[in-house]
Each structure stands twice: as C-alpha cells, then as structure tokens.
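Written out below as structure tokens is the structure these notes cover.
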Amino acid sequence: MLFRMVADSEAMSRVELHDDFVRVFTPEGAAERHADFHLRWLRHNCDVDRHPTTGERTIDSAELPDELALGSAAVDDGVLRVTWSHDGRVSRYPLEWLRRHAYATDRIEVPRPPSDVRALELDGARGLEAITSDLLSRLEKVGAAVVRREHDRPEAETEAWIDVLGARGLRIIGTHFGRIEDLRTDNTTNTNIDQLGYTNAAIELHTDQPFLDEPPRYQLLQGIRDANQGGDTVLVDGEAAFRYLQSLDRDAAELLLRTSIRFHRKQKNFEREVISPIVTIRAGRVFVRSSYFTEAPYQLPFDRMSAWYRAHDQFVRILRDPRNHYAFRIRPGNVLIYDNHRMLHGRTEFSGARWLRGVYFNATGTSSSDDETSG
C-alpha cells in the first residue's frame, strides 16, 4: 500500500512510503527530484543509534530485526521524521544529510503487475469470428483475454472456438489429459485424472505443463457450469512480475535465470521431467516455467541453496501478492485464453459441480516434440 504525506510546506518537500523503501521529493528550481532509501538503510543510519559525544554509530546492521516496518513519515523543517511501527521509535534524517548520501536518485520505478480485469475483457455478443481479431490482439498485448459471452449449452461451442482460432493460426494440441480437458470433480472423459485440477481444492498460481520440453503456448478455459461457491480464477502477469523483481533485486532475478531445477510430473500412467530455469529470456520476452506442485526436491550445492530459496521465494511472493492479480469468475459461456509462457493462473477452493473445459494451442508452424503427448 502506498501512503503519501506532504509537509514542510515552505520548501514543498514531501515523502512517499512504499513496502520496502521511502521516496523523498525535494524541489530543485522549477523541477522536483526524488531519492529512494531502503527501510533497512534508514534504520541502519538512525540518529538514535549514535554515540551522544562522538556521533559514531553504535550498532551493526546485523543486529537489526529481519522485518522492519514504518508507520508514518513526514518532512518538517528540513528533516525527514519516520516512525517505526514495529517498535515505535522515531528517527530523524536531515534532508541535506540524505542528499549527500543518496544512492538512488531519480530512480524510475518499475510498476507492479497489472490487476484491472477490464483490460482483459471483451464483449462476446458480437460472435466468435467478429471478436477473434480483438482477442488475439489483447492476447499479444497483455497476455490474456476474457470473453464475456452467454450460451445455453456452452459445451456445444467448444469445437467452434477451436475452428475459429485454428483459422487464425492457432492449432490445437493434445496432452496426456487428452484433446479437450474437462476440469470437473466427476471427470470420466479424460485420461490421467489423478491431479489437482480434477478436485475442488484451491490451486495456487502456476504455469501448465512445465515438465515438457516445450510447454503449450496458449490455453483456452471455457466456462461450462458454475460452482455453488468459490472457484474464482486468479491470473498474474509473470513477465511483469519478473521485471518488477529485477528492479528490486537484480541478483535474485539473475539467480532465477541461471539456476536450473527439475520439474517432474508422476501419475499412475504418465511420467515426464525436464530440467530448466524458472525464468528464461527469449527474443527479449520473459518465459516463465513455474509449478510448485511439479517441482522436484531442489538439488543444488549446499553453499547455493540458501541464496536460491531467497530468490525463489521473493519472486513467488510478488506473484502471490493480491495487489498484482487479475481476479474474476469464468461464468458459463465465458472464455479465458492466456499465454501460458507468460501468465500464471490459479483458482480458489470451491463447492458444487464446477466445470471448465481446457484446450491447449500452439501457433501454426511451432514444432514441439511434446505435441499430441499421450499417456
């Protein structure tokens, strides 16, 4: 959550509180400049932890709590005053001192992943063919599209969706579940149904089929029957989340790019695995491969394991932050299509006979040894 407080009206200096840092604005002529300071840096340089005679620092940063939080901040009479919510301490930092020691001046902040569902939605009343161009444009631009459409028997439209998308360059591919996947607790139509998708459990954010050499590029999820309660869909832009992580902790982001882990899917009649980083860069685009329930136990050198967990967990916390989510319900007749190389999806727990249909696609001409994978 972002707070803004304005003080020191004569100098027009002001301050913003962010999750992990404070941004201080100061005027410079007709312009305004800003500098960012991590919370840990500020607490490490707190004026309270100085010897009253010598002015020397009396603590080491290793003595600070792992978790630090600010309750308020304001600029008054040329001094930044912050109140720490975890222990109530008030720290004071003269603005001139902050200017001399600033290490992140006029930093351009990378935005969080977007969350406004309206950016995804399309009116399906015009018909499938009429909206396909808009759907594919939305898919390329923001990674997903939600078509709001009503139909008495939506299951009868599945093949029509396959045909319309096929005519525009997306070919259906089969997986070890089958050609069309029926995501329902009473599934009798698919093979290899011993997995979370066929239960009513909540499923956290993930990409599909990460254990394949080349996961399917797109998935269509079609609403057939609504749940009695729950069953909301959650979507997050993995590319935006990774760019956001890069802006906060470049070393953590680099570790995700260069560390390979094992993805392993083992079912009664199917088993596949692949070794790959969670994030790769392809032609300047971020490709995310992430699934907590198909990650095999990590096998990294002892001296790398702690750093790996820190980087991995920091990324996942960004992904799971509700502020970064598209959250919506796929109603009967509605369709969600998303880029499985970019977006992560999940759902809330539900009760009742919820039924979605899933279909995977690749772009025509894409070669993949995993196409038409059977159990």
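The values are calculated or read from the model by the stated rules, or taken from the named source; none is laboratory data. Just so you know, these numbers come straight off a predicted model, no measurement behind them. Positions of Cβ are backbone-derived with ideal geometry, glycine not excepted, and every protein chain shown enters the neighbour counts.
Residues are listed down the side, and each one gets a yes or a no for (1) exposed (fewer than 14 other Cβ atoms within 10 Å of the Cβ); (2) not β-branched (Val, Ile, Thr):
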site	(1), (2)
263	no, yes
269	yes, yes
272	no, yes
278	no, no
286	no, no
290	no, yes
293	yes, yes
297	yes, yes
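Residue 370 - would you say it is closer than 22 Å to residue 278 by Cα and at pLDDT below 95?
Yes.
Considering only residues that are part of a loop (DSSP other than H, G, I, E, B), at pLDDT 90 or above and within 26 Å of the chain's Cα centre (by Cα), which ones fall in segment 185-205? Within segment 185-205, 199, 200, 201, 202 qualify.
Taking the criterion of being among the aliphatic types (A, V, I, L, M), loosely packed, with under 11 Cβ neighbours inside 10 Å and under 31 Å from the mean Cα position of the chain (by Cα), would at least one residue in segment 94-112 satisfy it? Explain how you work it out, then say what you get.
Residues of segment 94-112 among the aliphatic types (A, V, I, L, M): 95, 98, 102, 104, 108, 110.
Those still in the list that are loosely packed, with under 11 Cβ neighbours inside 10 Å too: 108.
Within this subset, residues satisfying the condition of being under 31 Å from the mean Cα position of the chain (by Cα) are 108.
Yes, there is a match, as at least one residue in segment 94-112 is among the aliphatic types (A, V, I, L, M), loosely packed, with under 11 Cβ neighbours inside 10 Å and under 31 Å from the mean Cα position of the chain (by Cα).
As for segment 177-189, it holds no residue that is touching a His at 6+ places or on another chain (Cβ under 6 Å) and in the same structural domain as residue 265 (by TED's automatic domain parsing). Pairs are defined by a Cβ separation below 9 Å, a sequence spacing of at least 6 or placement on different chains, a first member in segment 272-293 that is more than 14 Å from residue 205 (Cα to Cα), and a second member that is at pLDDT below 95 and surrounded by fewer than 13 Cβ atoms within 10 Å (Cβ to Cβ); the pairs so defined are 272/266; 273/266. Residue-level analysis places residue 43 among those that are surrounded by 13 or more Cβ atoms within 10 Å (Cβ to Cβ), assigned to a helix (DSSP H, G or I) and free of Cβ contacts under 8 Å to residues at least 60 places away in the same chain. Just the residues that are farther than 20 Å from residue 115 by Cβ and among the basic types (Lys, Arg), please, taken from segment 337-357. Answer for segment 337-357, where residues must be farther than 20 Å from residue 115 by Cβ and among the basic types (Lys, Arg): 354, 357. Cβ-Cβ distances below 9 Å connect the following pairs, each with a first residue in segment 135-146 that is free of Cβ contacts under 8 Å to residues at least 40 places away in the same chain and closer than 13 Å to residue 169 by Cα, a second residue that is of a type outside the set (Val, Ile, Thr) and surrounded by fewer than 19 Cβ atoms within 10 Å (Cβ to Cβ), and a separation of six or more residues or different chains: 136/168; 136/169.
For segment 254-299, a residue qualifies if it is farther than 15 Å from residue 342 by Cβ, out of contact with any Ser or Thr (no Cβ under 7 Å at 6 or more places or on another chain) and among the basic types (Lys, Arg), and the qualifying residues are 258, 262, 266, 268, 272. Only residues that are in a helix (DSSP H, G or I), over 28 Å from the mean Cα position of the chain (by Cα) and surrounded by 13 or more Cβ atoms within 10 Å (Cβ to Cβ) were counted in segment 164-183, giving 2.
Results for (1) at pLDDT 95 or above; (2) charged (D, E, K, R); (3) farther than 30 Å from residue 154 by Cβ, shown as yes or no for each residue.
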site: 281; (1), (2), (3): yes, no, yes
site: 311; (1), (2), (3): yes, no, yes
site: 321; (1), (2), (3): yes, yes, yes
site: 330; (1), (2), (3): yes, no, no
site: 333; (1), (2), (3): yes, no, no
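For segment 252-266, state whether one or more residues are of a type in the set (A, V, I, L, M, F, W, C), closer than 30 Å to residue 168 by Cα and touching a strand residue (DSSP E or B) at 6+ places or on another chain (Cβ under 8 Å). Spell out how you get there, then give the answer.
Looking only at segment 252-266, we keep the residues that are of a type in the set (A, V, I, L, M, F, W, C), and these are 252-253, 255-257, 261, 263.
Checking which are closer than 30 Å to residue 168 by Cα leaves us with none.
No, segment 252-266 contains no residue that is of a type in the set (A, V, I, L, M, F, W, C), closer than 30 Å to residue 168 by Cα and touching a strand residue (DSSP E or B) at 6+ places or on another chain (Cβ under 8 Å).
Could you list, in sequence order, the residues of segment 8-28 that are in a loop (DSSP other than H, G, I, E, B) and either modelled with pLDDT of 90 or more or surrounded by fewer than 18 Cβ atoms within 10 Å (Cβ to Cβ) (or both)? Within segment 8-28, 9, 10, 11, 12, 18, 19, 20 meet the criteria.
Is it true that some residue in segment 76-85 is closer than 24 Å to residue 245 by Cα and touching a residue at least 40 places away in the same chain (Cβ under 8 Å)?
As a first pass, look at segment 76-85 and keep what is closer than 24 Å to residue 245 by Cα: none.
Within segment 76-85, not a single residue is closer than 24 Å to residue 245 by Cα and touching a residue at least 40 places away in the same chain (Cβ under 8 Å).
Every condition in (1) touching a residue at least 60 places away in the same chain (Cβ under 8 Å); (2) at negative phi holds for residue 307 except the one numbered (1).
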